[in-house]
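The values are calculated or read from the model by the stated rules, or taken from the named source; none is laboratory data. For clarity, every value in this text was computed on a predicted model and none was experimentally measured. Cβ placement follows ideal geometry from the backbone for every residue including glycine, while neighbour counts extend to all protein chains displayed. Note: areas computed on protein heavy atoms with side chains; ligands, DNA, RNA excluded. Shrake-Rupley method; radii C 1.70, N 1.55, O 1.52, S 1.80 Å.
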Amino acid sequence: MSRGSGKAGNLRDKLDGNELDLSLSDLSEIPVRDLAAIPKATVLDLSCNKLSALPAEFCSLTHIVKLDLSKNQLLQLPSEFGRLVNLQHLDLLQNRLKSLPVTFAQLRSLKWLDLKDNPLNPALAKVAGDCLDEKQCKESAQRVLQYMKVLQAEQEQSLQRKLLQEQVLKQKREAEQRQKEEKEREQRRKQKAQQKARKRRDYDAQQAAQQEMKKKKETEPSDNHKLPSKSAHKQKPRRRSRLGAVIRVILFVFVMLIGSLVACRYTQLQSQNVCSSVNAVYEETVRSLRSCHLVESVLQLATRH
């Protein structure tokens with residue numbers, strides 16, 4: 001048991017019917033477990049203690065019908081305070097409360113409320129009003145419940161808007177992500193298509209080169225057969241040109257000799273030393289040729305003329 005509950009002593013000894021009086025017990029903590037063990041205590045007086053906060057577990061005491069928390073140091077109520085659905089009478093006089101949790105609107109059974117002497121925010125203080133008699137306290141409970149219902153509805157709407165905005169933002173991010181992924185897929189498809197096109201061009205070029213090589217190999221034998229004939233055609237003109245040159249040289253020498261012989265025998269040059277040699281050669285040649293009868297007769301005919 002906690003320090004505060006120790007000061008409270010035996011809770012059952014303080015129980016009177018359905019009323020449990022823990023006021024003026026110098027409590028700084030609430031013995032929630034011990035209170036939960038006494039569901040008969042529907043009326044709970046915790047006034048005039050040193051409570052600055054209520055634990056979240058306190059909201060599980062749903063059997064409480066009347067609760068007095070006046071003259072403590074409460075700064076706020078638990079966010080799940082609305083779970084006390086059977087609460088009808090609530091005294092929060094002289095605490096340090098500035099606001100109430102929105103779940104306060106769930107206290108549908110609340111009939112009596114006192115919020116005097118709390119530093120409430122202006123809007124809540126105006127709604128709560130005074131609680132100087134039974135009628136005012138009941139009216140305060142009704143107005144505060146209605147006000148808290150409006151706040152709860154606004155909070156729910158705000159939460160719904162926030163959730164909707166988050167959902168829209170999420171859908172937008174998902175759409176952007178899908179668009180990004182689709183662009184990446186499209187880019188990959190284009191890259192694959194380009195790679196495939198390059199490979200196909202390389203393949204076609206390789207096939208064309210192989211076909212060209214094959215054609216060259218097929219045409220090489222016929223070219224070899226044609227080579228001798230071409231060389232023969234080329235060699236014949238060369239041989240003819242060489243033979244013609246030799247004949248032209250011989251004819252030139254022969255003409256020169258004839259010219260020299262005629263000049264030396266029938267012109268005034270016959271007295272020259274050069275012509276003497278030429279004439280001697282001519283006469284020697286004639287003598288040699290006369291040894292042949294056929295040639296001699298020919299020469300006789302020639303000399304007659």
- line: The residue from L77, L87 that alone is touching a residue at least 24 places away in the same chain (Cβ under 8 Å), of a type outside the set (K, R) and surrounded by 17 or more Cβ atoms within 10 Å (Cβ to Cβ) is L77
message: Which numbered condition in (1) open to solvent by less than 10 Å² (accessible area, probe 1.4 Å); (2) modelled with pLDDT of 95 or more is the only one that S5 fails?
response: (2)
query: Is there a residue being within 12 Å of V102 (Cβ to Cβ) and loosely packed, with under 14 Cβ neighbours inside 10 Å anywhere in the stretch 137-151?
result: yes
task: Filter the stretch 117-148 for residues that are under 55 Å from the mean Cα position of the chain (by Cα), in a helix (DSSP H, G or I) and not aromatic (F, W, Y) and give the result.
output: P122, A123, L124, L145, Q146, M148
message: For the stretch 103-111, check the following and say yes or no: at least one residue is over 59 Å from the mean Cα position of the chain (by Cα), of a type outside the set (S, T, Y) and at pLDDT 95 or above.
response: yes
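Just to be sure before I move on: is R200 in a helix (DSSP H, G or I), within 30 Å of V127 (Cβ to Cβ) and basic (K, R) in the structure I sent?
Considered against the rule, which asks whether it is in a helix (DSSP H, G or I), within 30 Å of V127 (Cβ to Cβ) and basic (K, R), R200 comes out as no.
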message: It is to be established whether one or more residues within the stretch 33-54 are within 58 Å of the chain's Cα centre (by Cα), of a type outside the set (F, W, Y), buried (at least 19 other Cβ atoms within 10 Å of the Cβ) and modelled with pLDDT of 95 or more.
response: yes
